[in-house]
1. Can you tell me the equivalent ellipsoid semi-axes for the range 73-117? Use √(5λ) from the Cα gyration tensor, largest first, whole Å.
2. Quick check for you: which residues of the range 76-99 have the amide N under 13 Å from the point 7 Å beyond the Cα of K26 toward its beta carbon?
3. Towards the positive end of the charge dipole of the chain, with charges on Cβ (+1 Lys, Arg; -1 Asp, Glu), say which of T4, H114, G68 has the farthest Cα.
4. For A29, enumerate residues with amide H under 5 Å from its amide H, sequence gap 5+ or separate chain, H modeled in the peptide plane.
5. On average over all directions, what projected area in square nanometres does the chain have, based on the convex hull of its Cα atoms?
6. Could you give each residue of the range 80-87 its phi-based ³J(HN,Hα) in whole Hz, using Karplus coefficients 6.51, -1.76, 1.60 with θ = phi - 60°, and x for Gly or Pro?
7. How charged is the neighbourhood of G63? Take every other residue with its Cβ under 15 Å from the Cβ of G63, and add Lys/Arg as +1 and Asp/Glu as -1.
8. What list of ³J(HN,Hα) values in whole Hz, one per residue of the range 34-43 in order, does the Karplus curve 6.51 cos²θ - 1.76 cosθ + 1.60 (θ = phi - 60°) give from phi, with Gly and Pro shown as x?
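Just so it is clear, none of the values below were taken in a lab; they were calculated from the coordinates. Model, not experiment: these values are computed from the prediction. Methodologically, a virtual Cβ is constructed for each residue, glycine included, from the backbone with ideal geometry; neighbour enumeration extends over all protein chains shown.
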Amino acid sequence: MDWTVVGALWALVGVGLGAFGAHGLKSVASEQGLAWWETGARYHLVHAVALVLLGLLQQHRAGGDAAGWSFLLGSALFSGTLYAMALGAPRWLGAITPVGGVAMMLGWLLLALHARG
């Protein structure tokens, strides 16, 4: 998997969603919804950068796909549930959010192990 490309595209989506939250949701979402959106966008973008960095590391050391999948799926779950709740989805989706957080944390651990060799 070319994680540099995946990360760059994930960042493109994150910037677009961040801009939408900053400009398009102000008149629609609650204050709590806007805070959820901002948190989701922040974690989304941080993990897009992590994917790019993983891709750059892979140019020198093979492997690391488990970290990449953990970052991508974790940030999709974490941010996606926050985005959905900000748009009015049921609050029970918040029970899924920590699963994404754990997956992102696993990604960082796997990246550390991969970088260590």
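1. 28, 8, 4
2. Flagged as within label range: none.
3. Final value for the positive-end residue is H114.
4. Sorted by chain and number, the residues that satisfy this come to none at all.
5. For the chain, the mean projected area of the Cα convex hull comes to 6.6 nm².
6. With the stated coefficients, the range 80-87 comes to x, 5, 5, 4, 4, 5, 5, 8 Hz.
7. 0
8. These are the phi-based 3J(HN,Hα) values: 5, 5, 4, 4, 4, 5, x, 5, 4, 5 Hz.
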